[in-house]
1. Taking 25 °C and 0.890 mPa s as the conditions, I'd like the Stokes-Einstein D for the stretch A:70-166 in µm²/s, using the Kirkwood hydrodynamic radius from alpha carbon pairs.
2. Choose one answer from B:V273, B:V18, B:V149: the residue with the largest mean-square fluctuation in a GNM of chain B with alpha-carbon springs under 10 Å.
3. Let me confirm one metric for peptide A:147-158, namely the mean number of other chain beta-carbon atoms within 10 Å of its residues' beta-carbons.
4. Which whole number gives the average, over all residues in B:82-93, of C-beta atoms from other chains lying within 10 Å of the residue C-beta?
5. For every other residue with a beta carbon closer than 12 angstrom to the beta carbon of A:S162, add +1 if it is Lys or Arg and -1 if Asp or Glu, then tell me the sum.
6. Calculate one ³J(HN,Hα) per residue across the stretch B:54-65 by plugging θ = phi - 60° into the Karplus curve 6.51 cos²θ - 1.76 cosθ + 1.60, and present them in order as whole Hz with x for glycine and proline.
7. Would you look at the GNM of chain A, springs on alpha carbons closer than 10 Å, and say which of A:I156, A:I99, A:I209 moves the most?
8. How about A:K56: which lysines have a C-alpha closer than 30 Å to its C-alpha, ignoring those fewer than 8 places off in the same chain?
Amino acid sequence: MTEMLGQLASNSELLLQGLQETLYMVLVSMMIAVFFGIPLGVGVVVTEPNGILEKKEINFILGSIINVARSIPFIILMVAIIPFTRLIVGTSIGTTAAIVPLAVAAIPFIGRIVENSLKEVDPGVVEAAQAMGATPWEIITKVLIPEALPSLILGITLALISLIGYSAIVGAVGGGGLGDIAIRYGYQRFQGDVMLQTVVILVVLVQLIQSIGNWLSSKLNKAT
Amino acid sequence: MIQIKELSKVYNSEEGQVVALKNVNLEIEAGQIFGIIGPSGAGKSSFIRCLNLLEEPTEGQVIVDGQDLTTLNTKKLRKARKKIGMIFQNFNLLQSRTVADNVAFPLELAGVDKEQIRVKVDELLELVGLADKTNNYPAQLSGGQQQRVGIARALANDPKLLLCDEATSSLDPQTTDSILDLLKDINHQLGITVVLITHEMEVIKQICDKVAVLEKGSIIEEGETIQVFTNPQHDTTKRFVQSVINADIPEEFYERKSVIEPETGKLIKVSFVGKSVKEPIISNVIKECDVDANILYGNIDKIQETSFGILLIEITGNNFSVKQAVNYLEEQNLKIEVIRNDRDVRTVS
């Protein structure tokens with residue numbers, strides 16, 4: 001145990017930097033994904049048949065975007081969008097550049113999560129709001145999203161954890177972060193202790209995020 | 001208050017067209033409680049949703065308070081809906097909002113300022129008897145309490161019309177009564193016109209001034225509740241009436257032998273409505289006509305303020321006085337039916 005702690009101390013600078021990079025990549029790409037993914041998911045739900053803004057064509061397009069993007073394996077997506085990444089950040093290598101493919105992969109993921117959560121909202125409540133003369137915008141902002149919030153939080157928690165997994169993959173191609181450390185030090189240089197320590201940190205991180213997500217969701221859930 | 005002209009609603013589904021309503025014409029006066037009853041699938045739900053255009057009529061006009069809703073654009077329709085309250089079978093409250101915030105919701109939509117909302121919400125919760133539940137969430141309330149919140153919410157923008165979509169169908173009988181009483185109070189105190197749909201005749205009996213019977217998308221019978229109850233025309237209506245009031249005489253009485261003086265006794269069914277109930281008719285008959293009256297069966301019910309019912313009496317005495325008694329009863333504006341006359345008596349005895 002003391003030996004392990006000693007090793008941890010000697011590697012601490014390295015691991016801390018990796019953790020910071022991971023958090024930076026995941027959190028920034030998550031914010032971008034939420035920013036674009038919520039309108040995407042809302043758009044799919046409101047334009048579907050019998051939705052509050054029924055529009056077949058738009059529904060088809062948005063649904064296709066989600067399906068196509070979700071079906072491309074992340075590692076391929078990451079490579080495929082390198083020109084786009086370069087266009088936005090100026091380079092395709094480094095932690096900041098890694099945010100682009102992470103966000104692109106997470107947007108349809110969040111879109112689907114938002115779609116599923118909003119579909120769980122009782123249609124009767126939407127009908128009641130319509131009967132009160134609410135506009136579609138008011139129904140989205142004052143009914144659909146607040147009513148779906150506990151479920152949205154759980155979905156976003158899930159997406160955040162998946163993103164941590166993805167961030168390890170970008171690490172492998174020069175994105176930095178804990179995944180990168182695990183591969184370069186732990187795997188290529190046979191430093192088993194570094195490998196173990198990164199895994200422990202990742203497990204703790206995932207556990208922490210899930211706990212916070214569960215707590216927040218149940219705190220906001222007034223339906224039971 | 002409401003005129004419905006040539007209203008039709010047709011749904012296009014993959015299996016073909018489904019006609020929910022066809023050529024419905026109806027007039028609902030201001031201040032009334034108007035009930036629409038019908039078996040499931042009759043088109044009740046489509047009908048009530050056509051009154052605030054949650055369902056768009058395929059054909060026809062819906063004129064509420066002088067305004068033809070079918071001609072309004074979306075913006076004007078939303079404005080018109082703010083003056084039409086609606087309550088639902090499943091209450092449809094926002095689970096994420098407290099009781100007070102649910103009631104405040106339509107006021108927020110109408111752009112009322114915060115302070116006024118607070119005052120109005122307190123007033124409404126007081127009205128529906130939930131002043132102590134302000135900060136509870138709907139999930140913490142019973143069904144009846146949730147419907148009270150629904151009612152408070154529906155009344156927030158001072159509507160002239162309240163639509164009730166099977167508002168008591170998911171409540172137990174006792175809670176149903178209390179919600180119906182509340183609706184009646186609201187109708188009396190605030191003068192709000194109430195239109196309700198239901199499949200329970202009990203609801204019609206307890207609070208409706210007028211009733212229309214809907215079957216297969218058409219109105220088959222319509223009238224004052226008391227009239228429809230005492231004199232139903234259509235078979236469906238009769239079945240509904242029988243579900244709450246049994247105006248029939250049990251079979252066994254038709255075969256019953258007269259106990260005394262079988263030769264002259266008459267079995268008479270007396271049906272009465274309204275004020276005659278309060279007069280001592282039977283004792284008057286006995287005194288005036290020198291007959292004996294034996295009450296065999298009786299069933300008296302009340303539709304709101306009006307009593308009505310049937311009485312089966314056996315009148316015995318000499319031939320002349322029995323005839324006199326029957327005449328006397330007929331003079332009292334009662335519906336008299338001689339169930340067993342002398343011929344029957346002979347066959348029985």
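1. Details: Rh = 15.5 Å.
Rounded, D is 159 µm²/s.
2. With Cα springs under 10 Å in chain B, the top fluctuation among B:V273, B:V18, B:V149 is at B:V18.
3. Details: counts 4, 1, 1, 2, 0, 0, 0, 0, 0, 0, 0, 0.
That average works out to 1.
4. Working: counts 4, 1, 3, 2, 5, 2, 5, 1, 4, 4, 9, 4.
The per-residue average across the peptide is 4.
5. With Lys, Arg at +1 and Asp, Glu at -1, the net is +2.
6. Result, rounded to whole Hz: 5, 10, 8, x, 6, 8, x, 10, 10, 9, 10, 6.
7. Taking springs between Cα atoms under 10 Å, the residue moving most is A:I209.
8. Those lysines meeting the cut-off are A:K119, A:K142, B:K9, B:K22, B:K44, B:K75, B:K76, B:K79, B:K82.
FYI, it's all coordinate maths here, none of it is from the lab. None of these values were measured; they are calculated from a predicted model. Ideal geometry is used to build each Cβ from the backbone, glycine not excepted, and the neighbour counts take in all protein chains shown.
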